[in-house]
Amino acid sequence: MQIDIGIAEKERKEIAEGLSKVLADTYTLYLKTHNFHWNVTGPMFQTLHLMFETHYNELALAVDLVAERIRALGFPAPGTYAEFIRLSSIAEEPGVPAAQDMIKKLVQGHETVVRTARSMWAAPEKAQDQPTLDLLTQRMQVHEKTAWMLRSLLA
Ligand SMILES: [Fe+2]
């Protein structure tokens with residue numbers, strides 16, 4: 001059945017492509033955060049191990065919301081590592097960084113998702129796609145707040 005929500009297919013496609021980048025960034029950051037939860041060491045172990053767990057749980061729920069918005073706009077959601085690597089602006093982390101470097105890399109990751117979300121803002125705004133703008137706003141708020149909290153650990 002055709003989608004008839006008041007946004008033309010061309011616009012829906014452009015928005016879905018932007019959301020796919022946000023999804024890829026979020027999934028990559030999810031995996032990085034979970035990886036750091038497993039591998040962090042040092043005097044801040046307990047704090048960081050638990051904080052990273054809170055963050056990766058939030059990210060795991062967020063990818064579902066972004067992917068399902070893409071589906072509601074009528075397009076397939078990317079769901080493979082190959083697609084995420086192609087679409088993501090966040091690089092994977094080889095090896096095990098020191099705890100302080102993990103924090104810095106996560107700050108950069110959260111800031112990257114915010115920039116990706118901001119860079120795709122114009123298309124849903126022009127199309128009056130309020131549900132996408134609402135989702136982007138919420139995601140930007142979470143990532144900016146998380147970046148602040150992580151940054152605050154660095155003093
Ligand atoms: Fe765990």
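Things to note:
- Scalar couplings 3J(HN,Hα) for the stretch 91-102, obtained by applying the Karplus form with A = 6.51, B = -1.76, C = 1.60 to θ = phi - 60°, are 7, 6, 9, x, x, 10, x, 5, 3, 4, 6, 4 Hz; x denotes Gly and Pro.
- Computed E for HIS49/GLU144 - FRET, C-beta separation, R0 22 angstrom, nearest 0.05: 0.40
- Once both labels are positioned 7 Å from their Cα atoms along Cα-to-Cβ, the gap between ASP64 and SER89 label points is 2.7 nm.
- For the chain, calculated [θ]222 nm from helices alone, where every DSSP H run of n ≥ 4 adds -39500 (n - 2.57): -25500 deg cm²/dmol
- When the chain is treated as a Gaussian network with alpha carbon springs shorter than 10 Å, the biggest mean-square fluctuation among GLY79, GLY109, GLY42 belongs to GLY42.
- Relative contact order for the stretch 1-116, counting Cα pairs under 8 Å that sit 6 or more residues apart, in percent: 41
- Computed from the C-beta positions of ASN57 and MET1 and an R0 of 30 Å, the FRET efficiency is 0.25 to the nearest 0.05.
- Residues of the stretch 1-35 falling in the label zone of LYS126, defined by backbone nitrogen less than 16 Å from a point 7 Å along Cα to beta-carbon, are 7-19.
- For the stretch 148-155, the Karplus equation 6.51 cos²θ - 1.76 cosθ + 1.60, evaluated at θ = phi - 60°, returns couplings of 4, 5, 5, 4, 5, 5, 8, 6 Hz by residue, with Gly and Pro reported as x.
- Heavy-atom accessible surface of ASP4, to the nearest 10 Å², is about 140 Å², with a 1.4 Å probe and all protein chains retained.
- Computed E for ASN39/ALA72 - FRET, C-beta separation, R0 41 angstrom, nearest 0.05: 0.65
- If you run the Gaussian network model on the chain, springs between alpha carbon atoms under 10 Å, then out of SER89, SER119, SER20 the most flexible one is SER119.
- Residues in the stretch 52-62 carry Karplus couplings, in order, of 5, 5, 4, 5, 5, 5, 5, 5, 5, 6, 5 Hz; the curve used is 6.51 cos²θ - 1.76 cosθ + 1.60 with θ = phi - 60°, and Gly or Pro positions show x.
The values are calculated or read from the model by the stated rules, or taken from the named source; none is laboratory data. Everything numeric in this text was worked out from a predicted model, so none of it was measured. Virtual Cβ from ideal backbone geometry, glycine too; neighbours counted across all protein chains shown. What goes into the accessible areas is simple: the full protein's heavy atoms, side chains included, and nothing from ligands, DNA or RNA. Shrake-Rupley method; radii C 1.70, N 1.55, O 1.52, S 1.80 Å.
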